[in-house]
1. Hey, among L132, L196, which residue is open to solvent by less than 30 Å² (accessible area, probe 1.4 Å) and within 23 Å of V55 (Cα to Cα)?
2. What is the residue count in the stretch 153-175 for residues that are surrounded by fewer than 19 Cβ atoms within 10 Å (Cβ to Cβ), part of a loop (DSSP other than H, G, I, E, B) and either at pLDDT below 95 or touching a Pro at 6+ places or on another chain (Cβ under 8 Å) (or both)?
3. So, in the stretch 501-525, how many residues would count as being within 16 Å of the ligand (Cβ to nearest atom) and among the acidic types (D, E)?
4. With the condition being within 16 Å of the ligand (Cβ to nearest atom) and in contact with a Cys (Cβ under 6 Å, 6 or more places away or on another chain), I'd like the strands (runs of 3 or more DSSP E) fully within the stretch 229-309 carrying at least 1 qualifying residues.
5. What pairs come up if the first residue lies in the stretch 522-534 and is farther than 18 Å from D462 by Cβ, the second is part of a loop (DSSP other than H, G, I, E, B), and their beta carbons are under 6 Å apart, counting only those six or more places apart or on different chains?
6. Are any residues in the stretch 396-430 open to solvent by less than 20 Å² (accessible area, probe 1.4 Å), out of contact with any His (no Cβ under 7 Å at 6 or more places or on another chain) and assigned to a helix (DSSP H, G or I), and if so, which ones?
7. Since I312 meets every condition but one in (1) crowded, with 22+ Cβ neighbours inside 10 Å; (2) in contact with a Leu (Cβ under 8 Å, 6 or more places away or on another chain), which condition does it not meet?
8. How many residues are outside any loop (DSSP other than H, G, I, E, B) and either open to solvent by 50 Å² or more (accessible area, probe 1.4 Å) or assigned by TED's automatic domain parsing to the domain that holds P349 (or both) if we restrict to the stretch 454-471?
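The values are calculated or read from the model by the stated rules, or taken from the named source; none is laboratory data. These numbers come from a predicted model, not from an experiment. Counting neighbours? That spans all protein chains shown, and the Cβs are built from the backbone with ideal geometry, glycine included. Note: accessible area is taken over every heavy atom of the protein model, side chains too, but ligands, DNA and RNA are not part of it. Shrake-Rupley method; radii C 1.70, N 1.55, O 1.52, S 1.80 Å.
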Amino acid sequence: MSEVSTDAVTAAVTEARPVLVVDFGAQYAQLIARRVREASVYSEIVPHTITAAEVAAKNPVGIVLSGGPSSVYEPGSPDLDPGILQLGVPVMGICYGFQVMAKQLGGEVARTGRREYGSTPMRVVGDGGVLLAGQPDAQTTWMSHGDSVSQAPEGFDVLASTEDTPVAAFASDERQLYGVQWHPEVKHSEFGQRVLENFLHRAAGIPADWNSGSVITEQVARIREQVGSARVICGLSGGVDSAVAAAIVHEAVGDQLVCVFVDHGLLRADERRQVEEDYVAATGIRLVTVDAREQFLDALAGVTDPESKRKIIGREFIRTFEGAAEALVLEAQGAGEAVRFLVQGTLYPDVVESGGGTGTANIKSHHNVGGLPEDLEFELVEPLRALFKDEVRAIGRELGLPEAIVGRQPFPGPGLGIRIIGEVTLERLDLLREADAIVRAELTAAGLDEEIWQCPVVLLADVRSVGVQGDGRTYGHPIVLRPVSSEDAMTADWTRLPYDVLARISNRITNEVDGVNRVVLDVTSKPPGTIEWE
Ligand code: XMP
């Protein structure tokens with residue numbers, strides 16, 4: 001058996017020629033990359049320090065320069081290898097990227113001293129060129145900038161302007177270079193997606209042929225090539241990512257794959273059954289369930305500190321999973337075969353945020369990437385490494401997985417263990433499971449699943465307060481509802497749920513769940529709050 005190597009972790013994930021999204025340091029690059037993919041074109045994020053030679057080696061079909069927080073005049077502000085604009089690859093600059101282009105190509109960027117921020121009226125100049133042709137002359141765009149392009153580079157047409165910015169978009173069809181001052185990737189820009197699509201399909205001539213079906217076909221071929229006739233194991237968590245990753249691998253190598261599902265007792269109501277019955281029925285996957293509920297409860301007894309809980313749960317999980325894996329390895333050896341591969345549901349944001357493969361800053365060491373045990377003796381199969389969450393869901397649906405799993409909200413690995421504030425006991429877990437099931441059922445019944453990114457339900461087990469129910473006083477625990485809306489969990493806002501839905505949830509929980517006498521709503525955005533309480 002071979003060890004996990006850096007090569008395995010950073011290996012190319014697809015054959016598709018990418019549109020490269022150059023990251024100038026704000027949070028826009030991921031959003032741009034997603035919008036490009038929504039236009040059915042494969043995209044990859046690269047750091048702004050990438051050289052022209054490195055870009056050329058990636059053989060891109062187009063390049064998008066992202067926005068960024070700096071001024072092009074600030075000393076040390078992020079720059080771009082000027083050779084990149086000379087490669088003959090179509091480029092579109094956005095916001096800061098637009099200004100970098102203007103500066104490098106001989107235009108003028110002026111420090112106007114005025115900021116445009118938020119919704120800004122924009123006017124199309126002339127026919128709007130390939131980016132804006134056929135669109136309304138007056139549009140609302142989303143802006144966030146101080147400096148402005150005051151003069152387009154020679155040979156470039158001005159396509160749009162705003163009150164404060166004479167050059168709000170420019171183009172050279174001949175050189176296939178384009179730029180806009182606003183953020184087309186943001187939904188508040190009225191025709192934003194159209195502008196991006198015009199750049200991709202019309203200006204750069206890139207076909208719209210990247211979709212769930214093509215990803216599955218390509219990954220199935222790659223997995224077959226990587227795995228050969230060896231056996232593969234996969235840990236299922238009950239979440240979307242591992243479920244879809246396993247399903248693709250099963251599509252590729254069938255019963256060479258065995259899945260292990262550790263029931264640590266920190267799952268939500270009905271999750272185990274959904275995996276053991278519905279998921280298995282839909283996929284035909286071979287599944288081994290390990291019932292480790294008692295083991296986890298014993299290990300967590302008396303522990304209240306959230307970091308300690310996380311460590312204990314992580315440790316017990318790895319122990320249990322490795323135990324099950326070991327048994328499968330031995331069983332395979334008995335049959336004269338080797339288990340050489342481990343499937344992981346690592347997603348693209350995990351890769352980007354861990355700085356893996358792109359050289360971008362290490363924002364956080366994600367549990368899937370940074371936290372791999374060093375002596376792991378499997379090679380990794382990571383079929384979702386190039387994908388965003390919504391793309392993973394689309395693939396899961398294409399593969400026919402149960403909606404209850406594919407549409408599932410993000411759920412932390414340590415599960416309900418970190419949603420109980422205080423010691424974790426079986427009684428408290430059952431109580432929280434009941435409250436959580438009510439919340440999920442009511443949100444779904446109210447048709448709110450699309451609006452909500454996730455809604456942690458938290459038990460304040462260390463808090464009790466006085467209430468009154470029937471004829472008597474109660475001394476019960478509060479349940480916290482934490483509904484949030486988000487694009488990527490990096491930032492979030494609390495979801496404005498309708499009062500009648502909140503009232504129904506509150507009534508049901510206080511009536512049906514023994515030991516709870518209050519329901520409270522968390523109205524904090526992230527930042528400063530996190531999504532989970534812990
Ligand atoms: P926070 O609480 O940091 O959460 O705002 C951000 C997102 O990450 C999820 N989360 C986890 N996911 N393992 C996971 O797989 C974990 O240990 C973990 N902790 C938090 C959280 O639910 C939210 O979606």
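1. Working: L132 fails: within 23 Å of V55 (Cα to Cα).
Exactly one of L132, L196 is open to solvent by less than 30 Å² (accessible area, probe 1.4 Å) and within 23 Å of V55 (Cα to Cα), namely L196.
2. Residues that pass the stated criteria total 3.
3. First, pick out the residues of the stretch 501-525 that are within 16 Å of the ligand (Cβ to nearest atom): 522-525.
Cutting the leftovers down to among the acidic types (D, E) gives us 522.
Selection size over the stretch 501-525: 1.
4. Working: elements: 231-236, 257-263, 286-291.
Result: 231-236.
5. What qualifies is K526/T491.
6. G396, I405, V406, L416, G417, I418, L429 - these are the residues of the stretch 396-430 that are open to solvent by less than 20 Å² (accessible area, probe 1.4 Å), out of contact with any His (no Cβ under 7 Å at 6 or more places or on another chain) and assigned to a helix (DSSP H, G or I).
7. (1)
8. First, pick out the residues of the stretch 454-471 that are outside any loop (DSSP other than H, G, I, E, B): 454, 457-460, 465-469.
Restricting the remaining residues to those that are either open to solvent by 50 Å² or more (accessible area, probe 1.4 Å) or assigned by TED's automatic domain parsing to the domain that holds P349 (or both) gives 466, 468-469.
So the answer is 3.
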